[in-house]
Amino acid sequence: MVAGQDKAKYKGTGTINGGGNYGFMLTAKDSSPDTFRIKIWDKDAGDGVVYDNKMGVGDDSYDGTELGGGSIKIHKGK
């Protein structure tokens, strides 16, 4: 859990295969069922979405894809 919550959202920037300027948002929910979402956008191309496994869902949502196996455990960082 993060601050007593069963969900977490992380945003950041990075590259793909060593190039570009991409933003990402990862959303995870530790519930029944566990869910996961990853959204990636190209910051150099008007924030055009490159990938989103929950296309059309607002960024403020915690809606994600149900895991088909395994589990998500969210722990409070140090």
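The values are calculated or read from the model by the stated rules, or taken from the named source; none is laboratory data. Fair warning: this is a prediction, and the values are worked out from it, not measured in the lab. Methodologically, a virtual Cβ is constructed for each residue, glycine included, from the backbone with ideal geometry; neighbour enumeration extends over all protein chains shown.
Pairs are defined by a Cβ separation below 8 Å, a sequence spacing of at least 6 or placement on different chains, a first member in region 48-59 that is more than 12 Å from Met25 (Cα to Cα), and a second member that is of a type in the set (Lys, Arg) and surrounded by 15 or more Cβ atoms within 10 Å (Cβ to Cβ); the pairs so defined are Val57/Arg37. Taken over region 60-69, residues that are acidic (Asp, Glu) and either farther than 14 Å from Met25 by Cβ or not in a loop (DSSP other than H, G, I, E, B) (or both) amount to 1. The set of residues from region 20-49 being loosely packed, with under 15 Cβ neighbours inside 10 Å and at pLDDT below 95 comprises Ser31, Ser32, Pro33.
A quick yes/no check of all residues on (1) under 18 Å from Lys73 (Cα atoms); (2) in a strand (DSSP E or B):
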site: Lys9; (1), (2): yes, yes
site: Gly12; (1), (2): no, yes
site: Ala28; (1), (2): yes, yes
site: Ser32; (1), (2): yes, no
site: Arg37; (1), (2): yes, yes
